[in-house]
Amino acid sequence: MTGRPNPLIPGFNPDPSVILVDGVYYLVTSTFEYLPGLPVYRSTDLVTWEHIGNVAERPEQVVVGSVVTGAGVFAPTIRYHDGVFHVIVTVVGSPRGCVVFTATDPAGPWSEGLTITGVDGIDPDLAWDDDGTAYVTYSGLRLSGEEAGRHHGIEQVRVDLATGRALEAPRSLWSGTGLRFPEAPHLYRHGDHWYLVIAEGGTERAHAVSIARGASPAGPFTGYPANPLLTASGHSWPIQNTGHADLVETPDGGWALVLLGVRPVGAAEAFSPLGRETFITDVVWADDGWPTVAPVELAPRPGTEHVVFTFKDETALDDPGWLAVRTTPRAVARVADEHLELRGQQAGLGDPQPVFVGRRQRHLNAVVTTTVDASDGVGGLAVRYDERHHFGLEARTEDHITVVTAWAALAGLRQEWRTTFRTGPVELGLELRTPPEEATAVGGDLVRLLANGTPLAELDGRYWTAETCASFTGRVIGLHTSEGVVRFAEFRYAGWDIAPDPE
């Protein structure tokens, strides 16, 4: 994998799906309860990626306003057919169900989406045979009715993409080697065979990729004798939970798997602060027609990424990387007088729909700061994993002084620390650092919460990681308001994985 970074797309970017169209790669990932949903990334070399837009820019496309944490926009598949890009996805807990979005430009706009009736499951794949028949292959986890929660393995239906109807009752396909949770199916025509790639073992440490092949997209399929094709289970590799893979041709004519994984930190490598990220590894097709896959190697990008987001005008919110929880950034934020304004609704980060606008944490080490004017409200800087797991700082004005409260919330427990300053804007900061090499205790990354450069609290980051939280997402760092109107002058992010401390 010479020259390719790993992770390929860092931070909260799970369940990747990728295609190559006219020399350009397009990749989408899951977003669950966040909007906009389904980020679209673009690359010409499988190395440098640009976030060009999102499939679900409008709430009505996915209807996640009331979904529970862990539901929402699940694993998508992106495909291209007859000049049109398609993204098929299941929106769990939403009336949209299994839905197909289309666009002629992957940067958008995307269609309102067509619900496919007759598909009751997750992780749908879309493929066409030689005569143009469309097949939806999916993981048969029942989402409703008397069988809700029951898993029927990998299933498939032929569908009419003009009407959104399944043309037959679901039929069972090859469902792997017997590991739990067969999911994430993808179908490919390669050489003389159709190949079915699936994930098995669950999306935690037992995650694995397996493969089978047959004469048609409907099978029957015969499994690879040496399955699983890829897994980190039982290995002390720096990238764990590897699975949920999509095959793609590389610029040099080879092949690769794009897949999800996590980067655990600490002496025991037990906790993954960034959640599930997108990785890549090489594939070689053997003479017998079966692929072999190289282990997923860690190759973080060198140097420090410095980004400063200012709020000169409303176009500041056009950046596709801003996220909000179960609503859109523009629904909770506005730009005025070169500040981002958030208006509180008597709801904190524990609320299902907080007043919060954030961005994915992309590096294992990061320093994030913002300048807050809380003269008319209460708000500040926070890191969210879900409603029960978050931490941060907020400022308020009381009796001509600025009170800053740092907090940490986990699983219903909350602790706070306070300090005061003269009234006026205050700089709030977060420092997120990997543990030092000499650390021997089992723990996560090191977190510091600061106000005007003064530390208020130090936390063990293990409690805000993929292994501790119930969410399928990752850390999102952002600006929040719980009461009144709070103004933010800018949002500054410096992140690095292997570079020295930028300070």
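Assorted remarks:
- Number of the exception - V308 against (1) out of contact with any Ser or Thr (no Cβ under 9 Å at 6 or more places or on another chain); (2) of a type in the set (V, I, T); (3) in a loop (DSSP other than H, G, I, E, B): (3)
- Annotation: of all residues in the stretch 98-109 being aliphatic (A, V, I, L, M) and crowded, with 22+ Cβ neighbours inside 10 Å, the one that is nearest to Y26 (Cα to Cα) is V100.
- Test: G424 is over 28 Å from F32 (Cβ atoms) and in a strand (DSSP E or B): no
- Qualifying residue in the stretch 110-121 (condition: closer than 16 Å to H186 by Cα, buried (at least 21 other Cβ atoms within 10 Å of the Cβ) and in contact with a Ser or Thr (Cβ under 6 Å, 6 or more places away or on another chain)): yes
- Screening the candidates T473, T423, T419, T465 for the property of being among the polar types (S, T, N, Q), touching a residue at least 24 places away in the same chain (Cβ under 8 Å) and touching a His at 6+ places or on another chain (Cβ under 7 Å) yields one hit, T423.
- Residue within the stretch 219-230 that is buried (at least 24 other Cβ atoms within 10 Å of the Cβ), part of a strand (DSSP E or B) and assigned by TED's automatic domain parsing to the domain that holds D123 present: yes
- Residue, nearest to I88 (Cα to Cα), within the stretch 136-178, restricted to residues that are β-branched (V, I, T) and either crowded, with 19+ Cβ neighbours inside 10 Å or in contact (Cβ under 8 Å) with a residue 40 or more places away in the chain (or both): V136
- Within the stretch 178-218, considering residues that are outside any loop (DSSP other than H, G, I, E, B) and of a type in the set (G, A, S), the one nearest to C98 (Cα to Cα): A184
- The stretch 284-333, residues that are of a type in the set (F, W, Y) and over 30 Å from D252 (Cβ atoms): F309, F311, W322
- Candidates D15, D22, filtered to the one that is modelled with pLDDT of 95 or more, of a type outside the set (A, V, I, L, M, F, W, C) and crowded, with 24+ Cβ neighbours inside 10 Å: D15
- Residue, farthest from A316 (Cα to Cα), within the stretch 467-498, restricted to residues that are among the small types (G, A, S) and at pLDDT below 95: A470
Residues are listed down the side, and each one gets a yes or a no for (1) touching a strand residue (DSSP E or B) at 6+ places or on another chain (Cβ under 6 Å); (2) within 16 Å of G176 (Cβ to Cβ); (3) of a type in the set (D, E):
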{"position": "R213", "(1), (2), (3)": "yes, yes, no"}
{"position": "A226", "(1), (2), (3)": "no, yes, no"}
{"position": "Q240", "(1), (2), (3)": "yes, no, no"}
{"position": "L247", "(1), (2), (3)": "yes, no, no"}
{"position": "T250", "(1), (2), (3)": "yes, no, no"}
{"position": "A270", "(1), (2), (3)": "no, no, no"}
{"position": "P273", "(1), (2), (3)": "no, no, no"}
{"position": "D287", "(1), (2), (3)": "no, no, yes"}
{"position": "A299", "(1), (2), (3)": "yes, no, no"}
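- Scan of the stretch 116-136 for residues that are in contact with a Gly (Cβ under 7 Å, 6 or more places away or on another chain) and assigned to a strand (DSSP E or B), ordered by number: T117
- For the stretch 230-266, the set of residues classified as of a type in the set (A, V, I, L, M, F, W, C) and within 18 Å of P291 (Cα to Cα) consists of L230, A232, A245, L247, V248, W255, A256, L257, V258, L259, listed by residue number.
Residues are listed down the side, and each one gets a yes or a no for (1) surrounded by fewer than 22 Cβ atoms within 10 Å (Cβ to Cβ); (2) of a type outside the set (V, I, T):
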{"site": "R360", "(1), (2)": "no, yes"}
{"site": "V367", "(1), (2)": "no, no"}
{"site": "S375", "(1), (2)": "yes, yes"}
{"site": "R384", "(1), (2)": "no, yes"}
{"site": "R388", "(1), (2)": "yes, yes"}
{"site": "F391", "(1), (2)": "no, yes"}
{"site": "E394", "(1), (2)": "no, yes"}
{"site": "W417", "(1), (2)": "yes, yes"}
{"site": "P425", "(1), (2)": "yes, yes"}
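- Scanning the stretch 256-290 for residues that are of a type in the set (A, V, I, L, M, F, W, C) and under 21 Å from L27 (Cβ atoms) yields A256, L257, V258, L259, L260, V262, L274, F279, I280, V283.
- Strands (runs of 3 or more DSSP E) contained in the stretch 326-377 and holding at least 2 residues without any contact (Cβ under 8 Å) to a residue 40 or more places away in the chain: 333-336
- Single condition D192 does not satisfy, out of (1) surrounded by fewer than 22 Cβ atoms within 10 Å (Cβ to Cβ); (2) on the phi < 0 side of the Ramachandran plot; (3) in contact with a Phe, Trp or Tyr (Cβ under 6 Å, 6 or more places away or on another chain): (3)
- Taking the stretch 30-52 as the range and being within 30 Å of A470 (Cβ to Cβ) and of a type in the set (D, E) as the test, only E33 passes.
- Matching residues, the stretch 445-458, being out of contact with any Pro (no Cβ under 6 Å at 6 or more places or on another chain) and crowded, with 20+ Cβ neighbours inside 10 Å: V447, L449, L450, A451
- Condition met for V209 (buried (at least 17 other Cβ atoms within 10 Å of the Cβ) and more than 25 Å from the chain's Cα centre (by Cα)): no
- Selection within the stretch 240-252 - assigned to a loop (DSSP other than H, G, I, E, B) and either crowded, with 23+ Cβ neighbours inside 10 Å or charged (D, E, K, R) (or both): D252
- Looking at the stretch 11-59, the strands (runs of 3 or more DSSP E) lying wholly inside it that each contain 1 or more residues that are closer than 25 Å to V383 by Cβ sit at 24-28, 37-43, 50-56.
- Of the candidates A324, A336, A331, A316, the single residue that is in contact with a Leu (Cβ under 9 Å, 6 or more places away or on another chain), more than 22 Å from T69 (Cα to Cα) and small (G, A, S) is A316.
The values are calculated or read from the model by the stated rules, or taken from the named source; none is laboratory data. Here the structure is a predicted model, which means the values were calculated and not measured. Neighbour counts are summed over all protein chains in view; Cβ atoms, including those assigned to glycine, are modelled from backbone coordinates with ideal geometry.
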